[in-house]
Amino acid sequence: AKESGKRTWCIFSDELAERARIRRETEVDLHRALENNELLTYFQPQMCASTGEIVGCETLLRWKHPTRGLIGPGSFIKHAEDTGFITRLGDWTLREALRVARRFPDNMRVAVNISPLQIHSANLLNTIVNALAVNQIAPSRLELEITESVLLSDTEFTLERLRKFKELGVRISLDDFGTGYSSLSYLRRFPFDKLKIDKGFVQDIDHSEECRAIARATLQLAKALNMVCTAEGVETEGQKQFLTENGCDELQGFLISRPQPLDKLTHLIDIRDVP
Ligand code: C2E
Ligand code: CA
Ligand code: CA
Ligand code: CA
């Protein structure tokens, strides 16, 4: 028993050491990635359900890693959040997204995901004000996507911050609606302009009466509270039809387009040349 205990410990500590090594490596890597322009902003179109017009794009990060290839945010955002690097990464993403958005048609909006830690950074407001001014983008064309987890801690502080963004004219979306712990009272207390139905509910619309009921109720709630409703993860004509019939304002998902570099979206978006 002693032997096997020791072996377990060895394996365990090897694993911990390995994990710590990957952590350190990823962190060094991420710093270098920013400096070497390895991080890319992809854009996923958001379509008006009633007119079919593309009304906005969500910014989604990709990492063109020199040896590991194209990496999705799933494997590095969490890490950047744990190490605090997300503040710098988030600032960069905002500036880059707004720089690219200069090439959008006049009224098209740009959505950017904001991590809870960023909301607490004193810099965020400044970064936004500056990036909007430098790129001459009207504040109402910028949407900050935040998740319910932001609302869990420091509620008053968060509320204060969100109000500042609203005063600027920036729009705020509640992302991944239905997956967190939020109480419905948040919807009344926070100044959300938009509610995004999580793709987990959208994905089962074709097969599950429960998901249809939740989607329908969410759409009604958004309507009643005067919020725009966007469905994410729309993949099938059936989902599109159900959501449209039930009053969903905007659709986003592979059915309309995968996230792409802006230059690959010319078939959907009238992209401008800017210096
Ligand atoms: P999210 O904000 O919920 O973004 C939607 C995710 O769903 C994206 O994954 C998108 O590629 C994916 N998706 C879109 N349409 C479909 C569809 O029809 N079917 C399916 N199965 N998936 C679809 P992605 O790009 O891997 O991003 C994952 C998450 O990483 C995002 O989830 C967001 O939370 C985070 N993220 C991405 N970029 C940023 C960023 O710049 N800052 C922060 N803080 N987080 C980011
Ligand atoms: Ca999002
Ligand atoms: Ca989402
Ligand atoms: Ca999500």
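The values are calculated or read from the model by the stated rules, or taken from the named source; none is laboratory data. Treat the numbers as computed from the prediction; the structure is a model and nothing was measured. Here the Cβ is made from the backbone with ideal geometry for all residues, glycine too, and neighbour counts use every protein chain on show. The accessibility values were calculated without ligands, DNA or RNA, using every heavy atom of the protein model including side chains. Shrake-Rupley method; radii C 1.70, N 1.55, O 1.52, S 1.80 Å.
If I filter the range 84-116 down to residues being closer than 19 Å to Ser153 by Cβ and more than 16 Å from ligand 2 (Cβ to nearest atom), which single residue comes out as surrounded by the most Cβ atoms within 10 Å (Cβ to Cβ)? Taking the candidates together, the pick is Thr87.
Filtering the range 163-201 to residues that are open to solvent by 30 Å² or more (accessible area, probe 1.4 Å), of a type in the set (A, V, I, L, M, F, W, C) and away from ligand 4 (no atom under 14 Å from the Cβ) leaves Leu168, Leu184.
Quick check: anything in the range 246-267 within 29 Å of Val100 (Cα to Cα), in contact with a Phe, Trp or Tyr (Cβ under 6 Å, 6 or more places away or on another chain), part of a helix (DSSP H, G or I) and at pLDDT 95 or above? Scanning the range 246-267, I find at least one residue that is within 29 Å of Val100 (Cα to Cα), in contact with a Phe, Trp or Tyr (Cβ under 6 Å, 6 or more places away or on another chain), part of a helix (DSSP H, G or I) and at pLDDT 95 or above, so the answer is yes.
Name the residues in the range 229-269 that are of a type in the set (Ser, Thr, Tyr) and surrounded by fewer than 20 Cβ atoms within 10 Å (Cβ to Cβ), would you? Within the range 229-269, Thr236, Thr244, Thr266 meet the criteria. Within the range 190-204, residues that are closer than 19 Å to Phe165 by Cα sit with their Cβ atoms under 7 Å from residues that are in a helix (DSSP H, G or I) and open to solvent by 30 Å² or more (accessible area, probe 1.4 Å), at 6+ positions apart or across chains, in these pairs: Pro191/Arg163; Pro191/Lys166.
Of all the criteria given as (1) modelled with pLDDT of 95 or more; (2) away from ligand 4 (no atom under 16 Å from the Cβ); (3) in a loop (DSSP other than H, G, I, E, B), the one not satisfied by Phe242 is (3). Within 19 Å of Asp176 (Cα to Cα), away from ligand 3 (no atom under 16 Å from the Cβ) and buried (at least 18 other Cβ atoms within 10 Å of the Cβ): does that describe Lys223? Taking the combined requirement at face value, the residue does not satisfy it. Within the set Thr127, Thr158, the sole residue that is in a helix (DSSP H, G or I), of a type in the set (Ser, Thr, Tyr), modelled with pLDDT under 90 and more than 16 Å from the chain's Cα centre (by Cα) turns out to be Thr158.
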